[in-house]
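First comes the structure, then the notes that go with it.
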Amino acid sequence: MFCVVSSSIANENVRRFFLTSDVILLLIIVVTALVLFVDGRLRVDLVGLLVLSALSLSGLISTQEALAGFSSPAVVTVWALFILSAGLTRTGIAHQLGRPLQHFAMSSEILLITLLMLSASLLSALINTVTVAAILLPSTMELARRSGRPPSRLLMPLALGCLLGGPFTGISTPPNILVTDAVRNAGLSPFGMFDFTPITGAIVVSGIVFMVFVGRHMLPTNRTDDNGSLLGKSYQLNTHLFTTRIEEGSPLSGRTISESRLGSALYMTVLAIKRKGMLMLAPHPEEVLQSGDTLIVHGSRAYFKRNHATSHLQVEQSETLKAELNLSLQAAQASVTDGSPFVGATLADTGLRRKYGLHVLMLSEASGAKVKDMRRHKLKAGDRLLLQGKKEAMEKLAGDNCVAGLELLTLEEEKKYIGDRAEILPLRVPEGSILAGRDLVESRLGNVFGLTVVAIQRDMELIHMPSPNQQIQADDLLILQGSPRDLEIMEGLQELAVKEQSPGLLAELESQQIGVTEVLLSPRNSLVGKSLADLLFREKYGISVLAVWRRGKAHRANLQDMPLQFGDAMLVYGQRRNLEALSRDPDFLVLDQAAAQAPRLEKARLSAIIMVAVISSAILGYVPISIAALTGATLMVLFGCLNMEEAYRAIEWKVVFLIAAMLPLGDAIQNSGAAQMGANALVDAVGGLGPRWVVAALFSVTVLATQIIPTAALVVLMSPVALNASEILGISPHLLMMTVAIAASSSFASPLSHPAHLLVMGPGGYRFIDYMKVGIPITLIALLLSVALLPVFWPPY
């Protein structure tokens, strides 16, 4: 008998020895993993795989347990939710859910954090916290971009808001559901739907107050190098973005962007219009400008400022001079003959102005159709020219067999053809004018404004039909012919002034439907030597070219007339659907395909229905959330909300591998008995100190364990401890079970503690230590509130 007892005691001692060895080995693995996580030199998913390998090789878990994480419902749920989130984003739904927040983009950081955390908390009361984080992540990224703040300033508040509001209702988090089931299975009255709301509400309010006044100062300022920021740096976009305002009474008011000549005269591209508090991105060239409009433009600030003055040209009245010019200048019609040297040439090539002193007022094809772009039109036999100049010059032109059918016109007939464009407009060039010292071509009065210099009065001498190379001098009186409306536009442009040049402007210019990206000429393109004007690039694609990168330098002026060369890169801006169309043109290579993805708005309702069905089926208990999410992700692809390639790209594989690798750690802790030993010892230590100490002990053990143990497994582990403690100490089981539920959801201090933290880790550029800085104080606040309020809401006796 003694031998049998001695043998039993020996076996028990051996068992305890090996149990202790398992716990020690487990602690070594856990501490090593935590050190590697905090150090940050190894990727978190790699650390997770190292932990998994160590647990398996040491025998702390079986092969089946080691690999079970990869088929875990939690892992399936996470990657399926990534696809569901991508479907909502791709169809524009995620943008719509977060759109109200964009109205506060330029508000203070305090207001942004408050609204973001409050919105996330309230949504988490109805929707799974991971789903809320996935839905609001794209909107928060856009909010950060629009506000000019690094994503790291807002993404952690988003995750914390989701976690703080998670336990609001009895079905909003797995711990609440599991605790309710455990209470019911113990033969006690289960918790009601809103029994969790009072304590959760107090924690949410306190957490937001802490983040606003203290926690936000602990957040890092990591700026991720996305494509847009790299483009902005390469092309120096911020230094070439500024605003200008259409003042009351401006001649530009009531004109379209195209009519305003902002692009052709000032080399400026209107990227957006702020009108009555609304921002209109990538406005159409036919958009009518209004008084009070603020234009966000891209261009040369120096050139713009040089043009800003009221003294570049001064209008003068000289009726005698007008009458003299009307008598000396003759208008006539003529046709290009078959054997004319003009056939196949442009007007500039013909030398009409240089050789004959003649100007073409209008050009029509043989069919009678007017030629809009006379500069680039190559003349054909039968084309009709409306000429202006001296009668002798016209007769010489006909005598040289360049034209035939010369027909002189009266002044009334001339006005019949070209209307008010025949007005004579004398303008004085004062000292300091930007036109002084330039020739007529450089003045761009004709090409841009349609104003023709028919004469120059200089030192009482009148120069008729001056050569395009004639240099303008200060105090010259330019005799222009054209429309007074064109002159008004020129004066309106001179009145524009720079109002703002802010780094935040760039953040406002992209949206769900508007993007900026870089485009290269493809190796086999057929466009080399042609200009953007030749290609009708703006008209064909509806996209603005902001700059051309050539030989290490960004060019911004006169882009329409710049012949393209192989190796050129263009910075383009416009509707994403137009960028998508451009990406299909074999002559171009769009470098950022994501920027050229237009949202599939026609699938928006369908994606919303799928998401609502997933959430509803999980809440109502029809199917587990993992199966609901998997089915929803499949339907997203099946019905075209996104394709399979986009679905694969949407999954954050780092997060998936990390969770799958770390889940078996919970099994190892449970199998070794370490969690049970620690929890029982802590409860035994404080059991005689009163209910609040028991609440504090249960909360502390649970919240520490939840940083590395999945909450579902932790609740299953801690529920028997809480129920047994309540029976031994005579304390209300509802009080202790509520403590376990709230503590299990207080996973604030570690990125491993909840998928919502992992979702924002990459986009925010966070390190392990960043979560600890903010999460530990909030955990302590939740602990103190639980100790103070739970015995009030759930009396212990």
Item checked: Reach of K396 by Cα under 27 Å, taken over lysines that are not fewer than 8 positions away in the same chain -> K322, K355, K370, K378, K380, K415, K416
Notebook entry, point to check: What figure in square angstrom, to the nearest 10, would you give for the accessible area of D22 with a 1.4 Å probe?
Noted result: 60 Å²
Next item on the list: Can you tell me how much longer the chain between D439 and Q290 gets when fully stretched, taken as 0.36 nm per residue apart minus their C-alpha distance, in nm with one decimal?
Entry: 50.2 nm
Checklist line | Counted charge near V44, where neighbours are those whose Cβ lies closer than 15 Å (Asp, Glu -1; Lys, Arg +1) | finding: 0
Margin query: Taking θ = phi - 60°, what integer Hz values does the Karplus form 6.51 cos²θ - 1.76 cosθ + 1.60 yield along segment 151-166, in sequence order, with x for Gly and Pro?
Written below: x, 5, 7, 10, 6, 5, x, 4, 4, 5, x, 4, 6, 4, x, x
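Once you keep just the Cα pairs under 8 angstrom separated by 6 or more residues, what percentage relative contact order results for segment 731-797?
Relative contact order for segment 731-797 comes out at 49 percent.
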Note to self: With θ taken as phi - 60° and the coefficients 6.51, -1.76 and 1.60, list the Karplus ³J(HN,Hα) couplings across segment 50-63 in order, rounded to whole Hz; mark glycine and proline as x.
What the structure shows: 5, 4, 4, 4, 5, 4, 6, 5, 7, x, 5, 9, 7, 4
Next item on the list: Would you mind checking which residues have amide H under 5 Å from L509's amide H? H placed 1.01 Å from N; only 5 or more apart, or other chain.
Entry: none
Notebook entry, point to check: Check Q473: other-chain or 5+ apart residues with amide H under 5 Å from its amide H, H built from backbone geometry?
Noted result: G437
Check: Residue by residue through segment 249-266, which ³J(HN,Hα) values in whole Hz follow from phi under the Karplus form 6.51 cos²θ - 1.76 cosθ + 1.60 (θ = phi - 60°), with glycine and proline marked x?
Finding: x, 5, x, 7, 5, x, 9, 6, 4, 5, 5, 5, 6, 4, x, 6, 8, 10
Item checked: Nonlocal amide H pairs with T256, under 5 Å, H built at 1.01 Å -> L289
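The values are calculated or read from the model by the stated rules, or taken from the named source; none is laboratory data. Note that the structure is predicted; figures quoted are calculated from it, not measured. A quick note on method: Cβ atoms are made from the backbone with ideal geometry, for glycine too, and the neighbour counts reach across all protein chains shown. Keep in mind that these areas ignore ligands, DNA and RNA; they rest on the heavy atoms of the full protein, side chains included. Shrake-Rupley method; radii C 1.70, N 1.55, O 1.52, S 1.80 Å.
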